[in-house]
Amino acid sequence: MSSMRNRLALFLFSLLLLPSTSFAAVLTNPLYTTDIREVIARIIQAILGITGAVALLMFVYGGFLLLISGGENEKIKKGKETMKWAVLGLAVIIGAYMIVSTIINALEKGVVA
């Protein structure tokens with residue numbers, strides 16, 4: 001019985017490997033570059049984009065809290081605080097993006113401004 005299980009496991013495992021071996025020649029580099037500076041720049045830009053989206057969602061959440069507060073001071077305060085910190089977060093993210101963009105441009109051109 002265990003021999004049958006081993007054969008079945010081997011067969012299923014070989015099925016998993018089949019697509020990766022038959023399509024190996026078709027695979028391309030999804031980054032379209034091998035330059036490490038460009039890869040790092042894209043990773044940083046992706047992280048900043050994700051954090052910007054999260055900050056924007058928090059801004060919307062703070063506005064939603066204000067809308068459903070029903071005049072309760074505690075909920076109004078929580079909504080205002082959420083929006084305040086979301087705006088501050090967006091400002092920090094935009095500043096970080098500007099700094100990173102300037103550094104990346106300087107590294108690519110080899111010139112320090």
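Points worth noting:
- Residue check, Val39 assigned to a helix (DSSP H, G or I) and farther than 20 Å from Ser101 by Cα: no
- Qualifying positions in the range 86-113 - modelled with pLDDT of 90 or more and either hydroxyl-bearing (Ser, Thr, Tyr) or under 18 Å from Leu67 (Cβ atoms) (or both): Ala86, Val87
- Residue match in the range 57-76 (condition: closer than 30 Å to Ser101 by Cβ and in contact with a Leu (Cβ under 8 Å, 6 or more places away or on another chain)): yes
- Residue among Leu48, Leu57, Leu27, Leu16 that is at pLDDT below 75 and in a helix (DSSP H, G or I): Leu16
The values are calculated or read from the model by the stated rules, or taken from the named source; none is laboratory data. Treat the numbers as computed from the prediction; the structure is a model and nothing was measured. Here Cβ is always computed from backbone atoms with ideal geometry, including for glycine, and neighbour counts include all displayed protein chains.
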